[in-house]
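Below is one structure, written out as structure tokens; comments come after it.
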Amino acid sequence: MLYLEIALLVISFLLIVTGATLFVLARSYVKKEMFENFYGGKNAIYGGFRIFKYEYYQSDKLWVCTSLRVVFIGLLMVFPLMYMLAK
């Protein structure tokens with residue numbers, strides 16, 4: 001059981017680091033023309049869950065959106081598992 005908890009901790013650490021990196025890089029992979037009328041410019045990707053929508057990204061950078069979705073779902077699965085194992 002201890003090995004499973006350690007594995008989940010390592011997985012959650014990797015997911016958090018990957019998610020944070022992609023979260024920061026997402027601003028440079030958006031379509032600039034989509035955010036010309038927004039007050040914050042390309043920083044507007046962070047508002048209104050736009051960061052998870054494909055239409056705001058450049059066509060060759062859609063992998064960032066997919067990866068962010070996978071990381072977010074992975075974190076939503078790992079933390080309840082860790083909570084159940086801690087009981």
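Read-outs throughout are calculated quantities, based only on the coordinates presented, and are distinct from any laboratory measurement. Remember, predicted model here, so these are calculated numbers, not experimental data.
Helix 62-86 and the long axis of the chain differ in direction by around 30°, with both axes built from C-alpha atoms. Computed on the Cα atoms alone, the convex hull of the range 1-42 gives a volume of 67 cubic angstrom per residue. How far is helix 2-25 tilted, in degrees, relative to the longest principal axis of the Cα atoms in the chain, given as a value from 0 to 90 rounded to the nearest 10? Rounded to the nearest ten degrees, it is 10.
Structural descriptor for the range 2-86: relative contact order 38 percent, calculated from alpha carbon pairs under 8 angstrom and at least 6 residues apart. Built from the Cα atoms of the chain, the convex hull projects on average onto 6.3 nm², one quarter of its surface area. For the chain, lysine pairs with C-alpha atoms less than 16 angstrom apart, excluding pairs fewer than eight positions apart on the same chain, total 9.
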